[in-house]
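Only the coordinates and a few stated rules stand behind these numbers; no lab work does. As the structure is a prediction and not an experimental result, all values here were calculated from the model. All Cβ positions, even for glycine, are placed from backbone atoms using ideal geometry, and neighbour counts span all protein chains on display.
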Amino acid sequence: MPDAQLFIIVRTVHLITITVTICGFVLRGIWMLKGSPLLKALPVRILPHVNDTILLISAVWTATFVEQYPLVNGWLTAKMLGLLAYIVLGAIALSYGRTRQIRIRAFVGALLCFSYVVLVAATRNPLVI
Ligand code: HEM
């Protein structure tokens with residue numbers, strides 16, 4: 001398969017898994033706010049890890065295609081840090097936050113971090129301008 005076609009496929013996988021990630025996160029956030037037991041259901045705990053693994057593989061693969069790397073190119077370093085902040089805040093929002101208020105604040109913070117990562121990707125600039 002020509003490299004250009006493979007790139008389009010891997011980049012599309014990256015974009016699909018990102019969409020699944022944010023839709024799944026918002027859904028779990030709503031369940032968290034409603035105190036729904038669905039949040040603790042086995043598939044709900046496992047599937048995000050499967051999707052996140054595919055997301056990371058597609059992300060690294062996409063990066064090798066465009067020969068841009070975290071810790072080398074500023075925008076990808078910013079993306080990686082934004083992603084880490086999203087993961088930490090997301091874990092506080094959905095699992096570790098001790099009070100409802102902490103969870104809600106972490107949830108909003110995670111959404112802001114995710115938006116920042118998307119903007120950095122779109123502009124290829126850590127300052128998103
Ligand atoms: C939550 C995490 C992430 C989100 C929301 C995200 C979002 C996006 C989006 C929206 C694009 C398309 C930008 C455009 O063409 O307008 C993109 C492209 C890209 N992403 Fe990610 N990404 C994430 C994680 C990562 C990570 C961790 C890496 C690298 C290790 C990465 C590497 C890339 C690369 C290299 C491209 C550019 C592909 C191109 O030149 O067309 N992404 N990302």
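Considering only LEU55, LEU94, LEU42, give the residue with the highest GNM mean-square fluctuation for the chain, with springs between Cα atoms whenever their separation is below 10 Å.
LEU42
Determine the dipole magnitude for the chain: charges of +1 sit on the beta-carbon of Lys and Arg, -1 on that of Asp and Glu, nothing else is charged, the reference point is the Cα centre, and the result goes in debye to the nearest 20. Intermediate results must be reported in sequence, preceding the final value.
On the way: 11 positive and 3 negative charges, 152 e Å.
Charge dipole, the chain, about its Cα centre: 720 debye, nearest 20.
Tell me the label-point distance for the pair VAL128, SER115, using the 7 Å Cα-to-Cβ offset, in nm and rounded to one decimal.
About 0.7 nm, to one decimal.
Which value at 222 nm does the chain reach when only helices count, each DSSP H run of 4 or more adding -39,500 (n - 2.57), with the total divided by all residues and rounded to the nearest 500 deg cm²/dmol?
Taking each H run of at least 4 residues, the total per residue is -27000 deg cm²/dmol.
Within segment 94-112, which residues have the backbone N less than 20 Å from the label spot 7 Å out from CYS23 along Cα→beta-carbon, could you tell me?
111-112
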